[in-house]
1. Could you list, ordered by first residue, the pairs with Cβ atoms under 8 Å in which the first is in the range 71-85 and in contact (Cβ under 8 Å) with a residue 12 or more places away in the chain and the second is basic (Lys, Arg) and part of a loop (DSSP other than H, G, I, E, B), at least 6 apart or interchain?
2. Looking at the range 102-118, can you tell me whether even one residue there is at pLDDT below 70 and closer than 25 Å to Arg40 by Cβ?
3. Identify the residue in the range 40-92 that is surrounded by 14 or more Cβ atoms within 10 Å (Cβ to Cβ) and touching a His at 6+ places or on another chain (Cβ under 9 Å) and, among all such residues, is farthest from Ala25 (Cα to Cα).
4. Here are the criteria: (1) without any contact (Cβ under 8 Å) to a residue 12 or more places away in the chain; (2) more than 14 Å from the chain's Cα centre (by Cα); (3) part of a loop (DSSP other than H, G, I, E, B). Tell me which single one Lys17 does not satisfy.
5. Just name the residue that is modelled with the lowest pLDDT out of those in the range 47-64 that are outside any strand (DSSP E or B) and within 13 Å of the chain's Cα centre (by Cα).
6. Taking the condition of being of a type in the set (D, E, K, R) and touching a Ser or Thr at 6+ places or on another chain (Cβ under 8 Å), how many residues in the range 15-51 meet it?
Amino acid sequence: VIRLVTYIRVPRSVQRKISRRALFARDGWRCVYCGSNGGRLTLDHVVPRSRGGDSVWENVVTSCAPCNLRKGNRSLEEAGFVLRHPPRPPTPVLFIRLAAPHIPQGWQPYLGGMATATSAPAA
């Protein structure tokens, strides 16, 4: 962390590509349909790709294998599923947490409380 005396604008409009690790971290390493964190996690398109859904942060979520199989190639309504939270692009702090999972205590004041972004569960 670098503390600046004057403000320097940093562009925040960088679009990050979806990665499994970042997606799972964004969703708290839990299935967005049933909330389980055990078993094999997969990624699922809320609007299936075969129905025009894109591979963008707002359409891809973490799903456990059983929920992903149950949903299949159907919409949420057709499958009777409800998202536990709406998918959205992750905050830039998530990528800091993924790159440096152990953020020093002295950095906390400069990260504005955002340093508590979700990280991988303990094994």
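The values are calculated or read from the model by the stated rules, or taken from the named source; none is laboratory data. All values reported here derive from a predicted model rather than from experimental measurement. For neighbour counting, all protein chains shown are included, and Cβ atoms are generated from backbone atoms with ideal geometry for every residue, glycine included.
1. Here the result reads Arg84/Arg30, each pair linking the range 71-85 to a residue that is basic (Lys, Arg) and part of a loop (DSSP other than H, G, I, E, B).
2. Within the range 102-118 (the criterion being at pLDDT below 70 and closer than 25 Å to Arg40 by Cβ), the answer is yes, since at least one residue qualifies.
3. Residue satisfying both the conditions and the ranking: Gly53.
4. (2)
5. Trp57
6. 6
Results for (1) part of a helix (DSSP H, G or I); (2) within 24 Å of Tyr110 (Cα to Cα); (3) without any contact (Cβ under 8 Å) to a residue 12 or more places away in the chain, shown as yes or no for each residue.
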| site | (1), (2), (3) |
| --- | --- |
| Tyr7 | no, yes, yes |
| Cys34 | no, no, no |
| Asn37 | no, no, no |
| Pro66 | yes, no, no |
